[in-house]
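I have placed the structure first, in the form of structure tokens, so that the comments after it can refer back to it.
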Amino acid sequence: MRLNDYEERVVLINIQSIAKIYKMGKIEVSALRGVTFQIEKGEFVSIMGSSGSGKTTLMDILGCLMRPTKGKYFLEGQDVSELKEDQLAEIRGQKIGFVFQGFNLLARTSALHNVELPLLYSNTSKKERRERAYQALQSVGLENRVHHRPNELSGGQQQRVAIARALVNNPSIIFADEPTGNLDSQSGKEIMEIFDKLHQQGSTIIMVTHERDIAEHAKRIIHLKDGQIIEDTRR
């Protein structure tokens, strides 16, 4: 069930004055300039902005793929902004599920084995890995495609496999980076229906997109421009 107004609100993400500066020779480029906001458990948030707005950099920091140059990032109350790479990798494996525009599936591996991958780095038994991977595929409507390889699946089906892989570790947050960017309109609609369902079931989803109609599936839209938030709207 989704959190409602009568349940305790839990802050999952708290970023404070986050800045990211890239050095290109003697030139410094500011990708993010003092970004501050909170995201509560169970929210569905879209991050929008044109190319160069800082949305991908922000996603990478929130997903523990990159450290900020300045500022603080608290994930479930833990300050992760200065953790070492192996500590960030552990958090990614335990708390975060990623869905990318390009699917990022292993070409010679079945859907079931692709979904199992995040569990290979845990102490999960082979039997439990298979069961959890099958359940994740079942949740996205692919229980009849578990032994198919990516080249035997449509683009929409491949993205469903990617979503199942993101879900298999029961993550605290699902990050989706342009999840419909490589899909036709009908497949994109079906993928967004899955995200809508996951949100209704209580999942916390943060999605980067440049498409307004896709962003509007979220209940909150954060709009970036030149590394700063220019609009933060709840719907």
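Observations on the structure shown:
- Residue that is in contact (Cβ under 8 Å) with a residue 60 or more places away in the chain, crowded, with 17+ Cβ neighbours inside 10 Å, in a loop (DSSP other than H, G, I, E, B) and at negative phi, where the choices are Ser46, Ser53: Ser53
- Scope segment 71-82; condition modelled with pLDDT of 90 or more and either surrounded by 14 or more Cβ atoms within 10 Å (Cβ to Cβ) or part of a loop (DSSP other than H, G, I, E, B) (or both); matching residues: Gly71, Lys72, Tyr73, Phe74, Leu75, Glu76, Gly77, Val80
- Taken over segment 198-225, the criterion of being at pLDDT 95 or above and more than 18 Å from the chain's Cα centre (by Cα) is satisfied by Lys225 alone.
- Scanning segment 131-170 for residues that are of a type in the set (Lys, Arg) and farther than 20 Å from Ile96 by Cα yields a total of 2.
- Just one of the listed residues (Leu105, Leu117) is of a type outside the set (Lys, Arg), part of a helix (DSSP H, G or I), surrounded by 12 or more Cβ atoms within 10 Å (Cβ to Cβ) and touching a helix residue (DSSP H, G or I) at 6+ places or on another chain (Cβ under 7 Å), and it is Leu117.
- Selected residue (criterion: surrounded by the most Cβ atoms within 10 Å (Cβ to Cβ)) from residues of segment 214-230 that are touching a residue at least 60 places away in the same chain (Cβ under 8 Å) and assigned to a strand (DSSP E or B): Leu224
- Some residue of segment 13-31 being under 22 Å from Ile214 (Cα atoms), in contact (Cβ under 8 Å) with a residue 40 or more places away in the chain, part of a strand (DSSP E or B) and not charged (D, E, K, R): no
- Condition met for Met66 (among the hydrophobic types (A, V, I, L, M, F, W, C) and farther than 18 Å from Ala215 by Cβ): yes
- Among the residues listed as Val146, Val115, Val80, the single one being of a type in the set (A, V, I, L, M), at negative phi, touching a residue at least 12 places away in the same chain (Cβ under 8 Å) and in contact with a strand residue (DSSP E or B) (Cβ under 7 Å, 6 or more places away or on another chain): Val80
The values are calculated or read from the model by the stated rules, or taken from the named source; none is laboratory data. Quick caveat, the model's predicted, so the values are computed rather than measured. No Cβ is skipped: glycine too gets one built from the backbone with ideal geometry, and neighbour counts run over all protein chains shown.
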